[in-house]
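Notes follow once the structure below has been shown.
All of the numbers you see were taken from the coordinates with simple rules; none came from a lab. Since the model is a prediction, treat every value here as computed from it, not as a measurement. Cβ: placed from backbone, ideal geometry, glycine included. Neighbour counts: every protein chain shown.
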Amino acid sequence: MLRSLLFFVFLAFTSSVLGQNATVRGFVYDKLSGEPIIFTNVYLKGTQHGTSTDVNGYYSISKIPPGSYTLTVNSLGYEQIDEDISLRKAQILSKKLFISPQAKVLSTFDVSADKAEARNQVKMSVQKITPKEIEKMPSIGGEPDIAQYMQVLPGVVFTGDQGGQLYIRGGSPVQNKVLLDGMIVYNPFHSIGLFSVFDTDIIRNADIYTGGFGAEYGGRISSIMDVTTIDGNINEFHGNASLSTFGAKLNIEGPLKKPTKVGGSSISYIASAKHSYLDESSKLFYNYIDSNGLPFGFTDVYGKLTFSGENGSKANIFGLNFSDRVNYGPVSNLNWNNAGVGGNFLLIPSGSPVLVEGNIAYSKYGIRLAEDNLQDRSSIIEGFNGGLGFTYFLGDDEVKYGIEIIGFSTNYSVVNQANQLIEQQESTTELAGYVRYKKKLGKLILDPSFRFHYYASLSTPSFEPRIGMKYNVNDDLRLKAAAGVYSQNLIATNSDRDVVNLFSGFLSGPSNLQDDFVKENGSVKEITHSLQKANHFIIGAEIDVTSKINVNVEAYYKMFTQVTNLNRNKIFDEDEPDQPDILKNDFIIETGEAYGCDIVVNYELSDINLYGVYSIGRVIRWDGFQEYAPVFDRRHNVNFVGSYKFGPSRQWEFDARWNMGSGFPFTQTLGFYEQYNFSDGADTDVINGNGDIGIVYDDLNGGRLPYYHRLDVTLKRKFVFSVNSTLEANIGITNAYNRQNIFYFDRVNFERVDQLPFMPSAGVSISF
């Protein structure tokens, strides 16, 4: 309490010191739709005062001497506007700005905006993704999707087309936190691995942090995916509908209450629904893959109401329902569902340079797997998360602080390989507070932050200092670094040693872990908590080779000081008193490290965009017995993405992506033997009876699969009927040269299972 009081006193003192200068703040909107314009330049012409808008379209320029100025906004694809303003001493001027789409698109403003942000923000290991970037990717199945774009990001490893997961710089999927408008989403990807639950047309922005993220994010030790959706059109009804060989979707948006004047209050809505019928359409279009059809299907629904005030303050209410189904006939059937409701708000207090943001959400995720002759596996996690944050602007400096609360319950039931029932019903509460301070010192930018995360149900605190920094050597070269401490309680019930496992439940960190952990050097470490913990260290450089070519290089090291995993070394039941915990517990402690380097080259013109990524890395784990490489340890990964617009009005577009990756680790087979379960005791006939096939395994993940490579291409044609009415047709090919990439090998049946073969698709979408 005393610390909080002192902090607010500090803010009050700082405000009084700066009170002689003025502040101009507000929002930048699209004049036609009322949608915020993000990441665009706002500055006072002829001065050094300027900034760029954030994900809400918000800007704030402070420390301005009193006087008369010209406020200028320029953004790629929009007309530049200049507005004269007059500022008095200590005045806080709120200004909503509306810009109109530009008939002729220029590329210089986009570059300048990016460079301005690069010089003034640390932005370590973060990729900002907008629909514009997503649409440059080949649209597999006729629909561009953020899941396909994330596969080309630096440090991201994708394990397969069917049930594939994303592994980010050595972290497993449960170590990636996913937020949608502030709500925690427990499973953002559908089972086929090509599509996410997020509709591209309603995404405003997605920030993907692959490491070194600030203290406003917590509860995960690897990465953050923060997705923000657009607001509905405040002036007119609009929509988009599409149809492809994979599925169909529909988006609509419009006003419920139009503003009575420019910048007035309004109420708008947006609704989105998409459905995959691949399980049926594949029988017609892709019967050469499987005559029974591909067993994947999903349905996603999202809706949102936006209440906007005259000064730019707003509140959103949203709801969602995402579902997935995988039906392998009588063999197995998997279904999962994620449903939730939530709200968030943005508040601009009059007379104060503070931006206030808050959110509250409730969601429930359930998954069930039914398999022939086996007991069903199920997992349910449900709960809430909420937070309140404050951002205080001090010229080029910035203070951000806030609180967060998370509560969830888990209900898990599964039978393991030893035919032992594993159940957990747990309720968990987490509390957190954070503060972040960005300070610009000439060419140096410091971004220290601190998070205090208290796992109340475990009575375990976690103190997490973090820091980012950037040094602007000159206009074309910037050096950067970041480090931090991270923790999480949530664990997944699948092992990071599994190649294929569509069922993944969630558990609060188990308490029945071993008391000691044997390190690689033979020393013994006492286990004092059940949290997973990691430390991040990152260094890098940003180089503007030319005005069109940018190179980003980052070297990273993640030290996983404690990770919880399924115990594959278990050979005894838990009620065996004379056996060590590490041989009878369902879960064990592991340590590990991930290190590597990511190199990104980006070339951008108005008609041509080229993007290349090379990642080299290594991931290792130690489980108390042995060191091993997890199945996602891909040492080399290369991605090339190209987009070319052509034709008299740039109505044609050709997109291509080529990916190559070195082989994943796998455990080789040494041989087979006849295995008896002796269910009949002494009467078991071992001479004349037939036992099951037992497998003799080699060292864990001691082998490597062949290299993977694949080319995907898409050709698009746009037809413009009016300003608000367009039609786009596309054809695409997944695995254009029909590379046979191995997915896994069925040891028992001695069959190789490959990933997707040559797979054409087509689609059409219309905007109205």
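For segment 20-110, what is the charge dipole size about the Cα centre, in debye to the nearest 20, if Lys and Arg each add +1 at the Cβ and Asp and Glu each add -1 at the Cβ? Could you put the intermediate results ahead of the total?
On the way: 9 positive and 8 negative charges, 81 e Å.
Dipole size: approximately 380 debye.
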Check: Within segment 523-551, whose backbone N sits under 16 Å from a point 7 Å along Cα→Cβ of Glu574?
Finding: 530
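Using the alpha carbons of the chain, what is the convex hull volume per residue in cubic angstrom, as a whole number?
Working: hull volume 126.6 nm³, N = 768.
Cα-based convex hull of the chain, divided per residue, equals 165 Å³.
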Notebook entry, point to check: What list of ³J(HN,Hα) couplings, whole Hz, do you get for segment 529-535 from phi and the Karplus terms 6.51, -1.76, 1.60, once you set θ to phi - 60° and write x for glycine and proline?
Noted result: 8, 10, 6, 8, 9, 8, 10
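Expected output is a single nm value to one decimal: the length gained when fully extending between Leu441 and Asn321, i.e. 0.36 nm times separation in residues minus the C-alpha distance. What is it?
Details: separation 120, 0.36 × 120 = 43.20 nm, distance 4.68 nm.
Taking 0.36 nm per residue and subtracting the Cα distance, the gain is 38.5 nm.
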Margin query: Nearest 500 deg cm²/dmol is fine: what mean residue ellipticity at 222 nm does the chain get from its DSSP H runs of n ≥ 4 alone, each adding -39,500 (n - 2.57), divided by its residue count?
Written below: -1500 deg cm²/dmol
Item checked: 3J(HN,Hα) from dihedral phi, segment 26-39, Karplus parametrisation 6.51/-1.76/1.60, rounded to Hz, x for glycine, proline -> x, 10, 10, 10, 5, 5, 7, 9, x, 6, x, 9, 9, 6
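Can you bin segment 196-297 into rounded, prolate or oblate? Criterion: square roots of the alpha carbon gyration tensor eigenvalues sorted a ≥ b ≥ c, rounded for a/c under 1.5, prolate for a/b above b/c, oblate for the rest. Display every interim value, and only then the final one.
Working: a/c = 4.38, a/b = 1.30, b/c = 3.36.
Oblate.
What full-extension length gain, to one decimal in nm, is calculated for Thr429 and Lys132 as 0.36 nm per residue of separation minus the Cα-Cα distance? Intermediate results must be reported in sequence, preceding the final value.
Numbers: separation 297, 0.36 × 297 = 106.92 nm, distance 3.85 nm.
In short, 103.1 nm is gained.
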Notebook entry, point to check: Between Ala273 and Glu674, what FRET efficiency comes out of the Förster formula 1/(1 + (r/R0)^6) with R0 = 41 Å and r the beta carbon distance, rounded to 0.05?
Noted result: 0.15
Check: Can you list the residues, at least 5 places off or on another chain, whose amide H is less than 5 Å from the amide H of Asn74, using H built in the peptide plane?
Finding: Asn41
Checklist line | Positive-end residue of Ile81, Ser100, Ala22, charge dipole of segment 20-110 with Cβ unit charges | finding: Ala22
Next item on the list: Distance between Cα centroids, segment 262-318 to segment 501-560: provide it in whole Å.
Entry: 33
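Round to the nearest 0.05 the FRET efficiency obtained for Arg747 and Val545 when R0 = 60 Å and r is the Cβ-Cβ distance.
Working: r = 49 Å, r/R0 = 0.82.
Using R0 = 60 Å, I get an efficiency of 0.75.
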Next item on the list: Relative to the compact-globule scaling 2.2 N^0.38 Å, provide the ratio for the alpha-carbon radius of gyration of segment 475-622.
Entry: 1.43
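Rounded to the nearest 5, what % of DSSP beta bridges with both residues in segment 20-110 are antiparallel?
Numbers: 21 of 29 bridges.
Of all bridge pairs located within segment 20-110, approximately 70 percent are antiparallel.
Write down the Å³ per residue value for the convex hull defined by the alpha carbon atoms of segment 20-110.
Values: hull volume 7.7 nm³, N = 91.
Output value, Cα hull per residue: 85 Å³.
How much length is gained if the chain between Gln651 and Ser291 is pulled fully straight, taking 0.36 nm per residue apart and subtracting their Cα-Cα distance, in nm to one decimal?
Numbers: separation 360, 0.36 × 360 = 129.60 nm, distance 3.74 nm.
Contour length minus the Cα-Cα distance gives 125.9 nm.
Going by average Cβ density within 10 Å per residue, which order do the peptides 167-177, 248-258, 144-154 take, highest to lowest? Mind dumping the intermediate values first?
On the way: 167-177: 25.2, 248-258: 17.7, 144-154: 22.8.
So the peptides 167-177, 248-258, 144-154, ranked by packing, come out 167-177, 144-154, 248-258.
Tell me, what is the percent relative contact order of the chain, built from C-alpha pairs under 8 Å that lie six or more residues apart? Mind showing how you got there, number by number?
Numbers: 2069 pairs, mean separation 72.1, N = 768.
Answer for the chain is 9 percent.
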